[in-house]
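To keep things clear, I will list the structure first and then write my remarks on it.
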Amino acid sequence: MDTSFLFIILFGDSDLKNLFKYFGNIKSAKIRRCKDTGRPLGCGFVDFENPDDAERAIAGLNGLNLTDFG
């Protein structure tokens, strides 16, 4: 399993990268969107350059309620 690729539930495009950038260099960060409306589907993917950074993000954010930040 590639542990540098994370599945998360989130709120907006820029928020995704901003939330995870503190854990390491990010190759890509994308919010899934509805094909018809372009609206966010409420989840996204983050791909880190280093799998260790992804593990730190998992440990640091696991169980975090993101609504506390909105």
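The values are calculated or read from the model by the stated rules, or taken from the named source; none is laboratory data. No experiment lies behind these values; they were computed from the predicted model shown. Note that we place each Cβ from the backbone using ideal geometry, even for glycine, and neighbour counts take in every protein chain shown. Surface areas here come from the heavy atoms of the whole protein model, side chains and all, with no ligands, DNA or RNA. Shrake-Rupley method; radii C 1.70, N 1.55, O 1.52, S 1.80 Å.
Checking the conditions here, which among T37, T67, T3 is hydroxyl-bearing (S, T, Y), out of contact with any His (no Cβ under 6 Å at 6 or more places or on another chain), open to solvent by 50 Å² or more (accessible area, probe 1.4 Å) and modelled with pLDDT under 80? Spell out how you get there, then give the answer.
Working: T37 fails: modelled with pLDDT under 80; T3 fails: open to solvent by 50 Å² or more (accessible area, probe 1.4 Å).
Within the list T37, T67, T3, the selection yields T67.
For F11, are the conditions met, namely being farther than 16 Å from L64 by Cβ, surrounded by 14 or more Cβ atoms within 10 Å (Cβ to Cβ) and either at pLDDT below 80 or of a type outside the set (D, E) (or both)? I'd like the intermediate steps shown before the answer.
On the way: farther than 16 Å from L64 by Cβ: no; surrounded by 14 or more Cβ atoms within 10 Å (Cβ to Cβ): yes; either at pLDDT below 80 or of a type outside the set (D, E) (or both): yes.
Answer is no for this residue.
If a residue has to be assigned to a helix (DSSP H, G or I) and open to solvent by less than 50 Å² (accessible area, probe 1.4 Å) to count, how many in segment 44-59 make the cut?
First pass over segment 44-59, keeping only residues assigned to a helix (DSSP H, G or I): 51-59.
Those still in the list that are open to solvent by less than 50 Å² (accessible area, probe 1.4 Å) too: 53-54, 57.
So the count comes out to 3.
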